[in-house]
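The values are calculated or read from the model by the stated rules, or taken from the named source; none is laboratory data. Worth saying up front: this structure is predicted, and the values here are computed from it rather than measured. Positions of Cβ are generated from backbone atoms using ideal geometry, with glycine treated the same way; all protein chains shown enter the neighbour counts. Please note that ligands, DNA and RNA were not included when accessible areas were found on the heavy atoms of the full protein model with its side chains. Shrake-Rupley method; radii C 1.70, N 1.55, O 1.52, S 1.80 Å.
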Amino acid sequence: MFRSTALAVALLAFAASPSLAASGSFKGAKGHTTTGSVTVTEQGGKLVIKLGSNFSLDGAPDPYVSLGNGSRPVKGGTAGVLRRNKGSGTYSVRATKATKAAKEVVIWCRKYSVPLGVARLK
């Protein structure tokens, strides 16, 4: 019985652990300076976006973290307001067909509908 319990615990731990979907590095857009790394993992039906400790945005009004294509957020891809312009941060969105098809992480200015920085995911 111990073996099957240990196996069940190991399988649950494996299923709950995040799987790396992609990573990239930011480049500024529309005259803004945005730098740093980002990773996207899938865990528990969500895509988790982690900005690296080296992330930096020069500043802008109304910035959001999003999964996107063509330097624009995809439907359901907006993860939330960027909480700070420098350093790491974690955001998540539901894993849907549209969000899984995203090829970029976009720092998006909602007020002016422009990208502030884009990281192409590999």
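In straight-distance terms, cross-link reach from K111 covers every one of the lysines whose alpha-carbon lies under 28 Å from its own, apart from those fewer than eight places away in the same chain; here that gives K27, K30, K46, K50, K75, K86, K97, K100, K103.
Think of a 1.4 Å ball rolled over the protein heavy atoms: the range 76-122 then has 56 Å² of accessible area per residue. At an R0 of 30 angstrom, the distance between the Cβ atoms of K100 and D58 translates into a FRET efficiency of 0.50.
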